[in-house]
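Below is the structure I would like to discuss, written out as structure tokens.
The values are calculated or read from the model by the stated rules, or taken from the named source; none is laboratory data. In this text, all values refer to a predicted model and were calculated from it rather than measured experimentally. Every residue, glycine among them, receives a Cβ derived from its backbone with ideal geometry; neighbour counts consider all protein chains shown. The area values use the complete protein model at the heavy-atom level, side chains included, leaving out ligands, DNA and RNA. Shrake-Rupley method; radii C 1.70, N 1.55, O 1.52, S 1.80 Å.
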Amino acid sequence: MTIAREGGRRAVAALIAAGFALVTVAGAALPAAAETADPPPGWPEFGYQGVITDKDELDFNPTDEFIFPSVFHAGEHLSDPLGEWYLYYAPHDDPGGIAMMYADSLEGPWTEYGDNPLITNTWGDHYDVPHVSSADAIWNEEAGRMFLYFHGSNAQTRWAESDDGVTFDYGGIAVENSMGGPAVTETSYARVFDHPDPDSDYAYGMFYMGNETDDVRRIRLAESVDGRTWTVDPDYVVAPGEEEGQNVSGGNLWEWNDQLYVIYHASSGNSYARTIDESLRDVGEEPILLHSSSGQGDDVGRVAAPDIVTADGETYLFYESGDRLGATIAYAKEGAEVILPPPFGGFPEDPENPVFARCAVAGSDEFDGDSLAEDTWDRVIRENVAAHEVSDGALSIPTSTGGVSAAPLLQQELPDAPWQVTTRVTIDAQERFQQAGLLLYTDDSHYAKLDLGQATPGPTVELVYHRDGSNRQDAAPPQIEGTSTIWLRYTSDGSTIRASVSYDGETFTRYGREIDVAEAGFTHVGPYAFRGIESTPEIDATFDWFRFSPDAEAYAECIDEGSEPDTVALEALVLEARALDTEGYTEESVTELLGAIAAAEAVLADAQDQAQVDAALAALGAAIDGLESVTDPVPPEPTPAPAPTDPPAPEPTEPPVDQDGDPASGAPSGDDDLAETGPSTALAALGVAAALLCAGGVLMALHRRQHG
């Protein structure tokens, strides 16, 4: 969808009110960074199409996150499949579990298999591990069966075999830490494929992630004759570079326009491709950007574990979308326009007003003046020890000892309808447990807190859901090193609460797992600042504002009522018109110009709407264009001049010389006309030239106004 902007916000607001997300990029991956290689001609551009694993609709959803999609062409290999295509996926966190969906088209609709998970974290006498995850399916031609590879625990990649893609026989361990060397600590996230080298002794290749004691994750290679017994190559396939960050993972083999690539994701949040030869050992030095999220609507955050499928002339990218601890499975289509659903909860998304500096609704507080907004805050729990204050345009809260059950808590009641609340908080947390953020509250033992703080490993952004003495924590370092200011947001659509984070106040990324509204039963929300134990130094956290977002209808009305006409062009034209030299134009046309200038200035002094401004702009432009030159009168007959007399011969003069005795640069020569005329004639000639220059300046000014 292309949106024409008419210089006003009303058209944008109307679209927002109608529930459309604004799309400025159609089917295009973001430009590659300077550290990436230029893509070859014909490089695919994938347009986001949507989420496949709708967490609210799936029966199997133990941890509210899904990763590592693997698409298998069931109709090509299985005798009586549930659908043409099978999609395998799994949660990342314990207990994990391999799940499956099926569809007759790669574009869906996808149906959840009714008895997920297919493989769990325990399997008879074979294993009992914290979790199983990262399934990858391939048809093993020699065995005549599907092989499904998965990790569990992180130190082993296993496999199972199946005739129908649903029921499996345990296979064994394909690769494990010891096969990669003594420094290896993880062997997981494997993709298996037919070996591309016809001269190789091996029939199958595998890319997998190997972590080592230096905590840097790299992509490694293993090869197999039968898909069961594997040999690990001692060299890495891909080690992360400056563009990728500390880790790379999810390696996969892909062929495009007769060139092989290893595709993978990285700590940067993007997916990449590097050229690779059929021996799987000659790898390109520079990554090519494969895909990034558009940053709009639900298409935000990481693009990971890429799996590309081409069928019936169409190419699709299936991938893990969003934060690692709250990811889901999404897909994109080559050459397609980006499709974005309406914003979560129906709240508007306006890039010109991303945090609602205008149009925030009841419950909001800008912390102006020296006190909290009147009739806005409902209560302060443990008010007798509260020390917050409003000054210098911010709310300051000292970090309190203890946590939720001990600190003073400034709060207001949550609305019954869907709601969205955002704040900007600054805290220079240097000591463990110092933190500040947004608190959703039922009571002291039932809450959720979204904050920026300092943990044992270092600076941390966290979402903690605490209930009945149990914590569910999603935590990660800030995306930007040295972050002390962060934008935090909760959004509720009435049934689900989502947290999101921004580092620039413009782009918000979902953070952590969702919270069920009915289960949580939160009643209040507010800012907070803690420091844990008494020995941790007390510091202040500052909140610049606290805002509830308007719904789409209220926002459209607010923008329409509060919008101001654009007067920039009219102001510029008035200045230009006032600077014009009107000498030489008819009195009537100059009078019309002066009237148009006066009318334009009156509009600028009290502009009512854009139509009024546009009319004044058009009238002033017409008046400038209508300036009419005075017609030159017919010159009188010339009076005969008296007969000339010979002037006395001038005294000879020496030309000026430079320090070397040569004629000075610029000295008049005997051929210089001005030098051969008398003084009065020379002055007259100078006056004519000045007049011509002045007239030329006026004409040039008019020409510039008329022709831009």
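So how many Å³ per residue does the convex hull of the Cα atoms of the range 215-335 work out to?
On the way: hull volume 17.3 nm³, N = 121.
Looking at the range 215-335, the number lands at 143 Å³ per residue.
Additional query: Contour minus end-to-end for residue 163 and residue 614, with contour as 0.36 nm per residue of separation and end-to-end as the Cα-Cα distance? Kindly include the intermediate steps, with their values, before the conclusion.
Values: separation 451, 0.36 × 451 = 162.36 nm, distance 7.20 nm.
Once the chain is fully extended between residue 163 and residue 614, it gains 155.2 nm.
I want to check the label-to-label distance for residue 599 and residue 122. Put each point 7 Å from Cα in the C-beta direction and report it in nm to one decimal.
8.7
With no solvent and one point on each alpha carbon, what is the Debye value of log10 I(q)/I(0) for the range 310-365 at q = 0.20, 0.28 Å⁻¹?
Once normalised to I(0) and log-transformed, intensities are -0.94, -1.15.
Same structure, new question: In whole Å, what are the extents of the range 173-259 along the principal axes defined by its C-alpha atoms, from largest to smallest?
On the principal axes, the range 173-259 reaches 36, 33, 18 Å in Cα extent.
Follow-up. Run the 1.4 Å probe and let me know the accessible area of residue 78, rounded to the nearest 10 Å².
10
Once you keep just the Cα pairs under 8 angstrom separated by 6 or more residues, what percentage relative contact order results for the range 222-306? Numbers along the way, then the final one.
Numbers: 153 pairs, mean separation 18.9, N = 85.
Value for the range 222-306: 22 percent.
Using the alpha carbon gyration tensor of the range 277-391, what are the three equivalent-ellipsoid semi-axes (square root of 5 times each eigenvalue), largest first, in whole Å? Numbers along the way, then the final one.
Details: eigenvalues 451, 71, 36 Å².
Calculated on Cα positions only, the semi-axes equal 47, 19, 13 Å.
So what's the range 117-276 giving for Rg/Rh, alpha carbon basis, Kirkwood Rh from the mean inverse pair distance? Please report the intermediate quantities before stating the final value.
On the way: Rg = 15.4 Å, Rh = 16.1 Å.
Ratio value, two decimals: 0.96.
Can I ask one more? For residue 278 and residue 229 in the same chain, what is the full-extension length gain: residue separation times 0.36 nm, less their Cα-Cα distance, in nm?
Numbers: separation 49, 0.36 × 49 = 17.64 nm, distance 2.07 nm.
Here the answer is 15.6 nm.
What number, in percent, do you get for the relative contact order of the range 123-197 if the mean sequence gap of Cα pairs under 8 Å and at least 6 apart is divided by its residue count? Can you show the working numbers first?
Values: 136 pairs, mean separation 20.5, N = 75.
Relative contact order for the range 123-197 comes out at 27 percent.
So, counting K/R as plus one and D/E as minus one, what does the shell of residues with Cβ under 15 Å around residue 453 add up to? Each step should come with its number before you reach the end.
Details: positive: 432, 449, 531; negative: 428, 431, 451, 462, 474, 538, 540.
Value of the local net charge: -4.
Run the simple label-point estimate for residue 257 and residue 286 please: 7 Å along Cα→C-beta, distance reported in nm.
Simple spin-label model gives 1.6 nm for this pair.
Let me ask another. How long are the three semi-axes of the equivalent ellipsoid for the range 286-335, computed from the Cα gyration tensor as the root of 5 times each eigenvalue, in whole Å, largest first?
On the way: eigenvalues 75, 33, 24 Å².
They are 19, 13, 11 Å, listed largest first.
Under a Cβ-Cβ cut-off of 15 Å, what is the net charge of the residues other than residue 115 that fall near it, where Lys and Arg count +1 and Asp and Glu count -1? Please report the intermediate quantities before stating the final value.
Working: positive: none; negative: 59, 112, 164.
Here the count lands on -3.
Quick one: compute the contact order of the range 276-406, relative version, from alpha carbon pairs under 8 angstrom and 6+ residues apart, as a percent. Show your work: numbers first, answer last.
Numbers: 134 pairs, mean separation 16.2, N = 131.
Rounded, it is 12 percent for the range 276-406.
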